[in-house]
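Colleague: Take a look at the following structure, please.
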Amino acid sequence: MKKRQLLILSSCLTLLFSCNQKKEVKEETTATETTEVTQPKTYAEISVKEGGKWNDRKYEGGTFVNKDSINLPAEHTDHSWYIRYEGPGWESNKIGYRLYLDWRNAIDIYGKKTDSIVLPQVGQDGFESYHHMSDWGMDILKVKKGLGIGSIGRWVDKEVLHFNNVEATTAKVENNENNSVIHVNYKGWETAGKKTDLSSTLTIFPDDRYTKHTIQTSEALEGICTGIVKLENTTKHVKTSTTKKWAYMATYGVQTLVPDHLGMAIFYPIDAVAKTFDWEQDHLIEFKPTTEAISFYFLGAWEKEKDGIKTEADFIAYLDQLLERLDKENTLDK
């Protein structure tokens, strides 16, 4: 403030009042800056209906309520209208995913046109809107009868068996400072006369597209597998790391509901894998029988995501960078 040449009492009082006001404003601004909340870059949720009732295998009425964990009701199946967007969802500031928490057990992709968290608003108005383009994006993957991306099945007698027979399923969500996690436990999963308990942990990290999927079975069964849904007009890519510890399987092409370009990939530890092969529904990675935990990574990269990957060449370059990182660090965790 400029010095006044004539110092009179009224001026001094005015100056004193002005300074006090500035001090108060500065203190308020500092307090606001200190309490500013950083927006999360990852999020996981599961939301079920309450206040309605079951009518055979359909849930009628009620409103969606977010839960930290759920025990899946025996009545629940596909299109029961009980779980918002049919299962748990998780996202980063790049991409989102959802798991069909029913016999299909497939993982679908939400393409995002924003870097903000969007899942809390998805499916609040029903089960159709997120299949159409909105300001935030949409459900983009053609899952069909396949595994989607990175989910689990069992290869028996030349087909992938899904989760048609399970004694009990529980799901839990966890939101941490540096990641968000979905835990799913399947008790008594029966395929071809064999039973096992399966735990599945899905972890997503800030500023990236990939999910870490850690699975563990109580029985060492042959045929436990993961994969990528097999769609027409796509190119398949495979590559092994320099040390031959890790490899990836990937597809790229027009494979969305939009339709437009999407790249998908799974990074897997070579020592844990029995073989890779294709069948009519999926590109498959079959694991060796074990009761030890196995971790792998899967991702989608949509051309319309904010600052997204626009070409196949750029997609492969991105995968190669991640493969090199896995080769050196043996993890993509943050």
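Colleague: Can you spot the lysines whose alpha carbon is less than 20 Å from residue 113's alpha carbon? Ignore those fewer than 8 places along the same chain.
Modeller: 41, 94, 142, 304, 306, 310
Colleague: Which lysines, on any chain, are close to residue 187 with Cα under 27 Å apart, when same-chain ones fewer than 8 places away are left out?
Modeller: 49, 53, 58, 67, 144, 145, 158, 172, 195, 212, 275, 288
Colleague: For the stretch 193-310, what relative contact order do you get, as a whole percent, if you take Cα pairs closer than 8 Å and at least 6 residues apart?
Modeller: About 29 percent, as a whole number.
Colleague: Related question: Stretched out fully, how many nm does the piece from residue 68 to residue 178 gain, at 0.36 nm a residue minus the Cα gap?
Modeller: 37.8 nm
Colleague: Further, regarding this structure: Please give me the summed charge of the neighbours of residue 247: other residues whose Cβ is under 11 Å from its Cβ, Lys and Arg +1, Asp and Glu -1.
Modeller: Result for the neighbourhood of residue 247: +1.
Colleague: Report the local net charge at residue 189: Lys and Arg +1, Asp and Glu -1, summed over other residues whose C-beta lies under 15 Å from its C-beta.
Modeller: Once all neighbours under 15 Å are counted, the net charge is -1.
Colleague: Cut-off 10 angstrom, C-alpha nodes, Gaussian network model of the chain. Which of 274, 293, 192 fluctuates the most?
Modeller: Comparing 274, 293, 192 in a Gaussian network model of the chain, the most mobile one is 192.
Colleague: Ok, one more. To the nearest 20 debye, what is the magnitude of the charge dipole of the chain about its Cα centre, counting +1 on the Cβ of each Lys and Arg and -1 on the Cβ of each Asp and Glu?
Modeller: 840 debye
Colleague: OK, next. Compute the FRET efficiency between residue 115 and residue 277 as 1/(1 + (r/R0)^6), taking r as their Cβ-Cβ distance and R0 = 45 Å, and round to the nearest 0.05.
Modeller: Efficiency, from the Cβ-Cβ distance: 0.75.
Colleague: If you don't mind, there's one more thing I want to ask. Net charge within 13 Å of residue 57 by Cβ-Cβ distance, Lys/Arg positive one each and Asp/Glu negative one each, not counting residue 57 itself?
Modeller: So the surrounding residues net to -3.
Colleague: For the stretch 42-329, build the charge dipole from Cβ charges (+1 Lys, Arg; -1 Asp, Glu) around the Cα centre, then report which of 309, 272, 103 sits farthest towards its positive end.
Modeller: Working it through, the farthest residue towards the positive pole turns out to be 272.
Colleague: Straight-line reach only, C-alpha to C-alpha below 20 angstrom: list the aspartates and glutamates that residue 194 could link to, leaving out same-chain residues fewer than 8 apart.
Modeller: 102, 157, 159, 167, 219, 222, 286, 292
Colleague: Among 238, 299, 254, pick out the residue whose Cα is farthest towards the positive end of the charge dipole of the stretch 233-307, where Lys and Arg carry +1 and Asp and Glu carry -1 on C-beta, about the Cα centre.
Modeller: The listed residue farthest towards the positive side: 238.
Colleague: Using modelled backbone amide H atoms (1.01 Å from N, in-plane), which distant-in-sequence or interchain residues come within less than 5 Å of residue 274's amide H?
Modeller: Amide H neighbours of residue 274: 286, 287, 288.
None of the figures in this text is laboratory data; all of them are computed from the coordinates on show. Everything numeric in this text was worked out from a predicted model, so none of it was measured. Neighbour counts are summed over all protein chains in view; Cβ atoms, including those assigned to glycine, are modelled from backbone coordinates with ideal geometry.
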